[in-house]
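A.B. asks: Before I ask anything, let me first share the structure, which is written out below as structure tokens.
The values are calculated or read from the model by the stated rules, or taken from the named source; none is laboratory data. None of these values were measured; they are calculated from a predicted model. Because the Cβ atoms are built from the backbone with ideal geometry, glycine has one as well, and the counts that use them run over all protein chains shown. Keep in mind that these areas ignore ligands, DNA and RNA; they rest on the heavy atoms of the full protein, side chains included. Shrake-Rupley method; radii C 1.70, N 1.55, O 1.52, S 1.80 Å.
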Amino acid sequence: MLVLGALAGCASIIRYNVSASLPGGLYVLTFERIERGSLVFACPPAGSGELAVRRGYLAHGTCPGGSTRVGKFVAAVAGDTVTVSRSGLAVNGRALPKSAALAVDGFGGALTPYPVGTYLVGRGEVWLISDYARGSFDSRYYGPVRTESVLSTAAPVWIRGEWRPQERFRP
């Protein structure tokens, strides 16, 4: 009971994740500097948020587009080069495993990947990804996200399943 009381007092800094993009469990919002490899909770771009709600990927929430925030890892930051190809994403020439976009979602709906090409990540932008679930809806489909859309960095407190720190995203 003491633990529940302590968590209730920290409700503004604890987030419970039920999405498939990260292991289910409790995450503490840490508000650290955003860097490649950081776990963040962020709003997807408005149009992508609308699509995600309409298709049932995300619940209704307070983000532009009416979606909830997503929990993802930062794959690229300002100054990085992101290459989008049919085989997936590469950051600064380094391929990210399990980053190929899917043609259809789990419900059979067509998905449109971000256009093939090479992109310089601008100031105030990040690219977000989760390789925890193959069907993660992230920058593979909507490209860069403004850093103002990032609520916070985060760290796991208690999770169900395996935690795989995303060191591969770090330089």
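A.B. asks: Which numbered condition trips up ASN92, out of (1) at pLDDT below 95; (2) open to solvent by 50 Å² or more (accessible area, probe 1.4 Å)?
C.D. replies: Single failed check for ASN92: (1).
A.B. asks: Inspect region 62-79 for any residue being touching a residue at least 60 places away in the same chain (Cβ under 8 Å) and either among the basic types (Lys, Arg) or over 25 Å from GLU32 (Cα atoms) (or both) and give the result as yes or no.
C.D. replies: Yes, that holds for at least one residue.
A.B. asks: Next question. Can you pull out every residue in region 109-126 that is of a type in the set (Val, Ile, Thr), within 20 Å of ALA95 (Cα to Cα) and open to solvent by 70 Å² or more (accessible area, probe 1.4 Å)?
C.D. replies: VAL116, THR118
A.B. asks: Which number in (1) small (Gly, Ala, Ser); (2) modelled with pLDDT under 95; (3) open to solvent by less than 40 Å² (accessible area, probe 1.4 Å) marks the one condition that ALA59 misses?
C.D. replies: Unmet for ALA59, out of (1) small (Gly, Ala, Ser); (2) modelled with pLDDT under 95; (3) open to solvent by less than 40 Å² (accessible area, probe 1.4 Å): (3).
A.B. asks: While we're here: Please go through region 106-153 and pick out each residue that is part of a strand (DSSP E or B) and of a type in the set (Asp, Glu).
C.D. replies: GLU125, the sole residue that qualifies.
A.B. asks: So, one more: Restricting attention to region 131-151, which residues are open to solvent by less than 50 Å² (accessible area, probe 1.4 Å) and either at pLDDT below 90 or at positive phi (or both)? Step through it out loud before you land on a result.
C.D. replies: Of all residues in region 131-151, those open to solvent by less than 50 Å² (accessible area, probe 1.4 Å) come to 131, 133, 136-145, 147, 149-150.
Residues satisfying the conditions are ASP131, ALA133, GLY143.
A.B. asks: Follow-up question, since we're still on this one. Output yes when any residue across region 46-54 is touching a Leu at 6+ places or on another chain (Cβ under 6 Å) and not in a loop (DSSP other than H, G, I, E, B), and no when none is. So that I can check it myself, show each step before the final result.
C.D. replies: So the first thing to find is which residues in region 46-54 are touching a Leu at 6+ places or on another chain (Cβ under 6 Å), and the list is 52.
If we keep only those that are not in a loop (DSSP other than H, G, I, E, B) too, we end up with 52.
For region 46-54, residues touching a Leu at 6+ places or on another chain (Cβ under 6 Å) and not in a loop (DSSP other than H, G, I, E, B): present.
A.B. asks: From SER130, SER87, which residue is touching a strand residue (DSSP E or B) at 6+ places or on another chain (Cβ under 6 Å) and farther than 19 Å from GLY65 by Cα?
C.D. replies: SER130
A.B. asks: Here's a follow-up. Would you confirm, using the coordinates I've provided, whether LEU120 is among the hydrophobic types (A, V, I, L, M, F, W, C) and touching a Pro at 6+ places or on another chain (Cβ under 9 Å)?
C.D. replies: Numbers: among the hydrophobic types (A, V, I, L, M, F, W, C): yes; touching a Pro at 6+ places or on another chain (Cβ under 9 Å): no.
No.
A.B. asks: Of all residues in region 63-105, which are β-branched (Val, Ile, Thr) and touching a Gly at 6+ places or on another chain (Cβ under 8 Å)?
C.D. replies: THR68, VAL74, THR81, THR83, VAL84
A.B. asks: Here are some residues: ALA20, ALA42. Which one is at pLDDT below 90 and either within 21 Å of TYR132 (Cα to Cα) or buried (at least 21 other Cβ atoms within 10 Å of the Cβ) (or both)?
C.D. replies: ALA20
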